[in-house]
1. Compute the label zone of residue 42 within the range 95-133: residues whose backbone N is under 18 Å from the point 7 Å along Cα-to-Cβ.
2. Relative contact order for the range 42-130: what percent, with Cα pairs under 8 Å and sequence separation of 6 or more?
C-alpha cells in the first residue's frame, strides 16, 4: 500500500510539473507575441508639459477604449503610430490634426464625441500627446 501511495504522489507531482510547464510556455508565447509595451513615465518618454497634460486627458478619457502603445485596441483601434501613416486605419480619413480633432470633438461610429467634455485647449493637448505615440 505505501508504495502505491508513493507512486500516486509521484504521478501527481509529475502532472503538476507538466501543467505548470505548459502554462509557463503558453504565457511566454502569448506575452511574447503581444506588441504592448510597459507603461513608461512622462520623464522616460521625454514628454513636455503640454504632452503630459494630453497624456492625463488620454488616461482619463481615451485609454478605456484605445491602447496608446499598441496597434491593437480595446473597443476602438490602438493608437500607436496614429500620425505615422497617411490615413487613419479604420476610417481611411487623412491622419492629420484637423481630422483627428474632428473625431475627438464629434465622435465617429461607436466613439462618442467629447466636445462637451474637452475644451479646445484640452483637445490640442491631447493631439500633442497623440503625436508622441
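Each reported figure results from applying straightforward, stated rules to the coordinates on display, with no laboratory input. Everything numeric in this text was worked out from a predicted model, so none of it was measured. Cβ atoms come from the backbone with ideal geometry, glycine included; neighbour counts cover every protein chain shown.
1. Hits in the range 95-133 for residue 42 at 18 Å: 119, 121-133.
2. Worked out over the range 42-130, it gives 31 percent.
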